[in-house]
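Notes follow once the structure below has been shown.
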Amino acid sequence: MTAQPSTSGMDRRDCALYRFWVRHPVTGRIVLGYVGETVRMPFTRLMEHIYDQPWADTIVRWEVDSTTYAGKAAVLAAEKAAIESERPLYNIEWNMGNPLRIPPWTAVAQRQAREPGWRPPVKGTRVPRQRRTAATTAAPTDAPRSWEWTPQRIKVAAWAAGWLLVACVVGWQAASGPVATAGDGLAYGAGVATTAVGLLLPGKRRRRRRSRR
């Protein structure tokens, strides 16, 4: 079933009506907690309520009305009628005549009793997504320095020392042969040592070329 489009100048996009069912903080019974409307995806509003509302921890289920409301005016009228007739626990607007309504300050106190230390979030404090800039992409201050002994460099140094020792022994034995000389063994050992030092020294990092769009 689709409601008739609104003839007002308000938004005529499809809107949805949704309900939250909660566990009553005093009686423990499952009751209607909140009725709301949205022009966006209902799941988006669900997540916002979970972040913003002190009664979010009492939610047991939620449902979206099967009717698609063609326009903001239509869904607001449906929301008003539902709140006035169904009397949800936490709605404020159109619900002031409900004697069982829980005001926001009471809901906050009840949440703090259930969860000591809880504080209501301050609106506008969500961290926005930051653009990648030179400051945000710079290396962290605790990054290893060029000459700092990192675990990887220590491991390479240990292997290099071992290979250097083996090279010296092999070179010494080769020097005692009839053909090879001591210079051959020392040259072999020097080559291994040079390679090890090259692995330990910091090299220049290649910058990736960014494709221009």
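The values are calculated or read from the model by the stated rules, or taken from the named source; none is laboratory data. From a predicted model like this one, the values you see are computed outputs, not experimental measurements. Note that we place each Cβ from the backbone using ideal geometry, even for glycine, and neighbour counts take in every protein chain shown. To get the accessible areas, we keep the full protein, side chains included, count just its heavy atoms, and leave off ligands, DNA and RNA. Shrake-Rupley method; radii C 1.70, N 1.55, O 1.52, S 1.80 Å.
The set of residues from region 29-45 being open to solvent by less than 30 Å² (accessible area, probe 1.4 Å) and more than 16 Å from ASN91 (Cβ to Cβ) comprises just one member, PRO42. Would you be able to tell me the number of residues in region 87-111 that are in a loop (DSSP other than H, G, I, E, B), touching a residue at least 40 places away in the same chain (Cβ under 8 Å) and surrounded by fewer than 19 Cβ atoms within 10 Å (Cβ to Cβ)? Of the residues in region 87-111, 1 are in a loop (DSSP other than H, G, I, E, B), touching a residue at least 40 places away in the same chain (Cβ under 8 Å) and surrounded by fewer than 19 Cβ atoms within 10 Å (Cβ to Cβ). If you go through region 29-85 and keep only what is of a type in the set (A, V, I, L, M, F, W, C) and part of a loop (DSSP other than H, G, I, E, B), you end up with VAL39, MET41, TRP55. Take the residues in region 60-86 that are of a type outside the set (Ser, Thr, Tyr) and under 16 Å from ARG101 (Cα atoms), then tell me which one is most open to solvent (accessible area, probe 1.4 Å). Within region 60-86, the match that is most open to solvent (accessible area, probe 1.4 Å) is GLU84. If only residues of region 63-95 that are of a type in the set (Asp, Glu) and within 35 Å of the chain's Cα centre (by Cα) are counted, the one that is nearest to LEU17 (Cα to Cα) is ASP65.
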